[in-house]
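What follows is calculated from the coordinates using simple rules that are stated; it is not laboratory data. This is a predicted model, so every value here is computed, not measured. We place every Cβ from the backbone using ideal geometry, glycine too, and count neighbours over all the protein chains shown.
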Amino acid sequence: MSDIKPDTFQKVKPHPVLASLPDHLKDPANYYKIQKAILEAGSTKHSHGEIGEWGKCKYCQGKEWNRKETILRLGFKNGTQYILWKKTHEEIKRRMPLLDWKDK
């Protein structure tokens, strides 16, 4: 035990994609609010039988564009950063199931 010093273990480097996130996105307590805002920005009551119909629907594509703009407005630089952020918070929820992040 006496062999362990502050410099015994190397420091963990933050992931380059996640390091540039604003503080409100790093806080796990904001995860549900951010997810809800993104999902509501892109939700629509339309349903299409084929993906081609969805791709041609101007209303649905407008909602998809709105979702993209919401992701950027929240502080993400691109969709890749959003997906990595989402996977990170899902892993936090999986590893710490007893913490209730909604109430914070």
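Here are a few things to note about the model shown:
- Packing here is the average count of other Cβ atoms within 10 Å per residue, and on that basis the peptides 86-96, 44-54, 21-31, highest first, run 21-31, 86-96, 44-54.
- Compared with the dominant Cα axis of the chain, that is its longest principal axis, helix 79-95 is turned about 60°.
- For the peptides 6-14, 35-43, the ranking by packing is 35-43, 6-14, with the highest mean count of neighbouring Cβ atoms within 10 Å listed first.
- Helical runs (DSSP H, four residues minimum) scored at -39500 (n - 2.57) apiece and divided by the length of the chain put the mean residue ellipticity at 222 nm at -17000 deg cm²/dmol.
- Cross-link table LYS13/LYS93; LYS45/LYS86; LYS13/LYS63, entries beyond 30 Å C-alpha to C-alpha: LYS13/LYS63
- Helix 31-42 vs. the chain, principal-axis angle (Cα, 0 to 90°, nearest 10): 20
- Zone of HIS24's modelled label, taken as backbone nitrogen in the range 63-86 under 18 Å from a point 7 Å along Cα→Cβ: 67-78, 82, 85-86
- For TYR82, net neighbour charge (Lys/Arg +1, Asp/Glu -1) across residues whose Cβ lies under 13 Å away: +4
- Theoretical FRET efficiency, 1/(1+(r/R0)^6), r = Cβ-Cβ of VAL12 and ILE51, R0 25 Å, to 0.05: 0.05
- Difference of contour (0.36 nm per residue) and Cα-Cα distance, ARG73 to TYR59: 3.0 nm
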